[in-house]
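The values are calculated or read from the model by the stated rules, or taken from the named source; none is laboratory data. Just so we're clear, the structure is a prediction, and the values are computed from it rather than from any experiment. Backbone-built Cβ (ideal geometry, glycine too); neighbour counts: all protein chains shown. These area figures cover heavy atoms from the full protein model, side chains too; ligands, DNA and RNA do not enter into them. Shrake-Rupley method; radii C 1.70, N 1.55, O 1.52, S 1.80 Å.
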Amino acid sequence: MKFQDTYIRINPKKIALLKFIIEGYDGLAQVTTIDRHAGLVLLAAPEARMNELFPLLENIADMCCRDQP
């Protein structure tokens, strides 16, 4: 199984929420915090599930990923 790494930058206060959501989709992606102060996160997803990951990220972007106060 091949994995594709995707790096995203989110509001650091929302990292736990992102992990919670992604982990709810069994096997969708492994979430690793690269820099908690900068909000840099690595998503390692099976190539076969990338078509599920990106639409999910688009749907939750306003809730947890965009920099908001």
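Val31 - would you say it is at pLDDT 95 or above, farther than 13 Å from Gln4 by Cα and open to solvent by less than 30 Å² (accessible area, probe 1.4 Å)? It is false that Val31 is at pLDDT 95 or above, farther than 13 Å from Gln4 by Cα and open to solvent by less than 30 Å² (accessible area, probe 1.4 Å). Can you confirm whether the stretch 49-66 contains a residue that is touching a strand residue (DSSP E or B) at 6+ places or on another chain (Cβ under 8 Å), exposed (fewer than 15 other Cβ atoms within 10 Å of the Cβ), at pLDDT 95 or above and not hydroxyl-bearing (Ser, Thr, Tyr)? For the stretch 49-66, residues touching a strand residue (DSSP E or B) at 6+ places or on another chain (Cβ under 8 Å), exposed (fewer than 15 other Cβ atoms within 10 Å of the Cβ), at pLDDT 95 or above and not hydroxyl-bearing (Ser, Thr, Tyr): absent. Residues in the stretch 6-26 that are outside any helix (DSSP H, G or I) and either in contact with a helix residue (DSSP H, G or I) (Cβ under 6 Å, 6 or more places away or on another chain) or open to solvent by 50 Å² or more (accessible area, probe 1.4 Å) (or both): Tyr7, Arg9, Ile10, Gly24, Tyr25, Asp26.
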